[in-house]
Amino acid sequence: MDLIVRRANLPDGNRGVDIGISQGRIVAVQQGLGMEAAQEIDAAGCLASPPFVDAHFHMDSTLTYGMPRVNESGTLLEGIALWSELKPTLVQDAIIERALAYCDWAVAQGLLAIRSHVDTSDPRLLAVEALLEVKRRVAPYLDLQLVAFPQDGLLRHQGAFDNIKRAIAMGVDVVGGIPHFERTMADGAESVRQLCEFAAEKGLRVDMHCDESDDPLSRHVETLAAQTHRLGMAGRVNGSHLTSMHSMDNYYVSKLIPLMRESGMTVVANPLINITLQGRSDTYPKRRGMTRVPELLAAGIDVAFGHDCVMDPWYGLGSADMLDVAHMGLHVAQMTGRAAMQQCFDAVTAIPARILGLDGYGLAPGCKADLVVLDAASPIDALRLRPARLAVVRNGRVVSRMPARRASLDLSGRPDTVAFH
Ligand SMILES: [Zn+2]
């Protein structure tokens with residue numbers, strides 16, 4: 001045995017379990033594992049979880065906050081305009097350097113799989129080349145999945161489809177889109193059709209920025225669900241943001257959610273970004289602008305929470321901590337029941353792992369030996385404390401350690417009592 005994590009609590013509620021690891025795989029999960037290993041970690045009643053997974057990120061723009069200036073209005077459209085100003089000045093080495101710095105943060109936070117969109121609007125495809133290089137370099141530590149993302153639109157921007165095809169040929173994994181940014185609703189629907197057909201033909205997954213707007217009449221979610229159904233792409237098409245659903249007529253949504261369920265499409269909400277960017281043209285009341293997360297989950301649709309942005313033209317905060325993301329999602333969606341809070345933890349672990357199609361994810365025997373030990377007793381405590389990641393294990397090897405830092409905040413009395421002391 002190479003490594004044993006002893007006396008760990010698991011996200012499913014199992015307590016005091018030993019996790020045995022050999023040759024990069026989990027080989028035993030049981031209490032009192034009577035073996036020895038070359039290395040042991042005593043979790044002592046702390047939570048051991050499969051790693052965090054971010055199903056929606058932009059690694060080509062991360063850590064560019066303030067370049068060339070700050071987004072003063074804080075709106076999505078000023079962010080897109082600012083990104084257009086920044087793009088021509090981007091240098092490949094600098095993109096790589098920033099992305100690698102972000103991946104270091106991610107690994108330290110136990111975030112070991114990221115789906116990042118990469119803007120393909122620039123025909124030089126500098127960012128694509130840069131992130132493919134990053135993907136190669138971080139592979140021992142982190143699974144980076146790339147989405148060809150036509151930020152300036154598919155039909156609206158000349159050469160956009162050609163750029164996407166070139167990016168896919170270079171090794172980008174997933175087909176992206178942005179139908180609400182096309183000139184008309186009809187063009188948006190046409191872009192969804194063309195991109196889904198292309199992905200189906202190539203056997204690729206789809207992940208579109210879809211209806212990231214406050215427009216109650218936007219209908220691209222419906223189109224994405226219909227194309228997913230028509231092309232038989234259940235489980236392989238994801239709609240990101242879907243914030244229009246927040247503002248839609250309730251009767252219409254009562255038809256839309258079952259259509260989405262029937263299609264087998266999945267959803268990623270980005271709570272930190274949705275709560276700051278949406279509702280900007282409202283006075284009061286001001287809409288929250290996140291999609292209908294509990295209702296979608298109740299319908300049996302996989303919904304993950306994504307980080308989306310960290311210190312870029314759209315968002316000046318963030319630290320690769322998926323517990324921050326889940327914490328915000330929990331509040332915005334008012335998911336405060338115990339089962340709902342557990343779902344919020346799943347929305348940054350098991351659910352996005354399914355959306356990305358990760359192989360061997362989990363803590364069962366046979367799974368890849370990737371995990372994070374958190375200085376908290378349970379998923380709900382982890383959401384409350386957003387605690388230190390005591391150990392991060394990748395491929396059976398400890399790749400990051402962090403000291404405990406918040407004893408005075410811990411009222412949980414590990415391992416399984418709730419008491420003030
Ligand atoms: Zn995004």
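Here are a few things to note about the model shown:
- Kirkwood Rh in Å, taken over all unlike Cα pairs in the chain: 21.8
- Take each peptide in 22-28, 162-168, count the other Cβ atoms within 10 Å of every residue, and average; sorted highest first, the result is 162-168, 22-28.
- Estimated FRET transfer efficiency (D12, E85; beta-carbon r; R0 60 Å; 0.05): 0.80
- Packing, as the average of other Cβ atoms within 10 Å across residues, places the peptides 347-358, 2-13 in the order 347-358, 2-13, highest first.
- Neighbourhood charge, 9 Å Cβ-Cβ cut-off, centred on I257 and excluding it, Lys, Arg +1 and Asp, Glu -1: +2
- Between A186 and E201, residue separation times 0.36 nm minus the direct Cα-Cα distance comes to 3.1 nm.
- In terms of the mean number of neighbouring beta-carbon atoms within 10 Å, the peptides 95-103, 248-256 order highest first as 95-103, 248-256.
- Placing pseudo-labels 7 Å out from each Cα toward the beta carbon at R137 and A299 gives an inter-label distance of 4.2 nm.
- Additional length obtainable on full extension of the chain from R230 to D282, 0.36 nm per residue less Cα span: 15.1 nm
- Alpha carbon centroid spacing (whole Å) that separates segment 161-226 from segment 109-150: 19
- The ellipsoid that matches the Cα gyration tensor of segment 180-232 has semi-axes, each √(5λ) in whole angstrom, of 20, 10, 9, with the longest given first.
- Per the Cα gyration tensor, segment 44-157 maps to an equivalent ellipsoid with semi-axes of 27, 16, 14 Å, ordered largest to smallest.
- Lysine pairs meeting the criterion (Cα under 22 Å, 8 or more apart or interchain), as found in the chain: 6
- Beta bridges from DSSP with both residues in the chain: antiparallel share about 40 percent, rounded to the nearest 5.
- The Rg/Rh ratio of segment 202-343, with both radii computed over alpha carbons and Rh defined as the Kirkwood radius, is 0.96.
- Over segment 4-96, the ratio between the Cα radius of gyration and 2.2 N^0.38 Å evaluates to 1.83.
Read-outs throughout are calculated quantities, based only on the coordinates presented, and are distinct from any laboratory measurement. What you see is a predicted model; the values in this text were computed from it and never measured. Because the Cβ atoms are built from the backbone with ideal geometry, glycine has one as well, and the counts that use them run over all protein chains shown.
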